[in-house]
Amino acid sequence: MFICTTSDIPGREIRLVALVKGNVVRAKHLGRDIAAGLKSMVGGEIKGYTELMTEARTIATERMVEEAKAVGADAIVAVRYETANVMGGACEVIAYGTAVKYV
């Protein structure tokens with residue numbers, strides 16, 4: 001499935017099908033939390049959290065693609081990602097875009 005952040009696909013005529021989305025709520029675990037606390041004292045990248053957010057984006061994208069396939073889409077355009085704190089130690093990642101069919 002072709003996925004892009006632009007609102008059109010150069011060289012392709014498209015027909016809009018539906019808004020599609022995928023989301024996931026992930027929580028940090030104690031090991032990552034302790035490592036993050038130590039890292040915050042000295043500065044630098046907190047790799048455990050980077051991995052957590054990368055995994056969350058991947059899952060949200062996969063769920064968005066599944067929804068697009070369910071409505072018969074060929075591609076998803078205008079894709080965006082957002083994050084939000086849901087509660088202490090938990091974060092939601094949502095991926096959304098417009099499912100389209102090639103004409």
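The values are calculated or read from the model by the stated rules, or taken from the named source; none is laboratory data. Just so you know, these numbers come straight off a predicted model, no measurement behind them. Cβ sites come from the backbone with ideal geometry, for glycine too, and all protein chains shown count toward neighbours.
Considering Thr54, Thr58, which residue is surrounded by fewer than 16 Cβ atoms within 10 Å (Cβ to Cβ), modelled with pLDDT of 95 or more and among the polar types (S, T, N, Q)?
On the way: Thr54 fails: modelled with pLDDT of 95 or more.
After applying the criteria, what remains is Thr58.
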Item to check | Leading residue by the ranking (modelled with the lowest pLDDT) among those in the stretch 20-41 that are in contact with an Asp or Glu (Cβ under 9 Å, 6 or more places away or on another chain) and outside any helix (DSSP H, G or I) | outcome: Arg26
Checklist entry - Within the stretch 67-92, how many residues are over 11 Å from Lys21 (Cβ atoms), surrounded by 18 or more Cβ atoms within 10 Å (Cβ to Cβ) and within 14 Å of the chain's Cα centre (by Cα)? => result 2
Checklist entry - Which members of the stretch 77-103 meet the condition of being part of a loop (DSSP other than H, G, I, E, B) and touching a strand residue (DSSP E or B) at 6+ places or on another chain (Cβ under 7 Å)? => result Gly89, Val103
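Taking the stretch 1-19, which residues are touching a Phe, Trp or Tyr at 6+ places or on another chain (Cβ under 9 Å) and in a loop (DSSP other than H, G, I, E, B)? Working first, answer last.
From the stretch 1-19, those touching a Phe, Trp or Tyr at 6+ places or on another chain (Cβ under 9 Å) are 9, 12-15, 19; that's our starting set.
Selection gives Ile9, Arg12, Glu13.
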Next on the checklist: Just to check your reading of the model, which residue among Gly88, Gly72 is over 27 Å from Glu13 (Cβ atoms) and not charged (D, E, K, R)?
Outcome noted: Gly88
Checklist entry - Do you know which of the residues in the stretch 42-51 that are loosely packed, with under 12 Cβ neighbours inside 10 Å and under 22 Å from the mean Cα position of the chain (by Cα) is modelled with the lowest pLDDT? => result Glu45
